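A.B. asks: Quick one: this structure, given as structure tokens, is what I'll be asking you about.
Computed from the coordinates by the stated procedures, all read-outs in this text should not be read as laboratory data. What you see is a predicted model, and the numbers here were worked out from it, not measured in a lab. Methodologically, a virtual Cβ is constructed for each residue, glycine included, from the backbone with ideal geometry; neighbour enumeration extends over all protein chains shown.
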Amino acid sequence: MSTQSYEVALFGEFFAHDLKAILNRIALHSESTSQMHTREVVFEPIDAQQQRDSGQDPVLLRAKKELLEPQAGW
């Protein structure tokens, strides 16, 4: 039997007071889990809204850092 890894991420904008209600609606069943603490910063161009209005998807730059690994880079 092979072992497969999956990463599950929730993207969106919401208020902090809504987090518990959102998490209560998500169910993920797994045989094993591990902590995942990631900080992600997303940079978008100054004219991103203009690009969206014209029907184009702006190019986004994402920087991610795993906070549980002391030597992890961005």
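A.B. asks: Go through the stretch 55-74 and count every residue that is small (G, A, S) and either under 15 Å from F43 (Cβ atoms) or touching a strand residue (DSSP E or B) at 6+ places or on another chain (Cβ under 6 Å) (or both).
C.D. replies: Counting residues in the stretch 55-74 that are small (G, A, S) and either under 15 Å from F43 (Cβ atoms) or touching a strand residue (DSSP E or B) at 6+ places or on another chain (Cβ under 6 Å) (or both) gives 2.
A.B. asks: Those residues that are under 18 Å from the mean Cα position of the chain (by Cα) and assigned to a loop (DSSP other than H, G, I, E, B), I need them from the stretch 59-73; list them, please. Before the answer, list the steps.
C.D. replies: Taking the stretch 59-73 first, the residues under 18 Å from the mean Cα position of the chain (by Cα) are 59-69, 72-73.
If the condition is that a residue be under 18 Å from the mean Cα position of the chain (by Cα) and assigned to a loop (DSSP other than H, G, I, E, B), then V59, L60, L67, L68, E69, A72, G73 are the ones that fit.
A.B. asks: Next question, about the same structure. For residues that are in a loop (DSSP other than H, G, I, E, B) and within 18 Å of G12 (Cβ to Cβ), scanning just the stretch 39-57, find the one that is farthest from the chain's Cα centre (by Cα).
C.D. replies: Top of the filtered list is D57.
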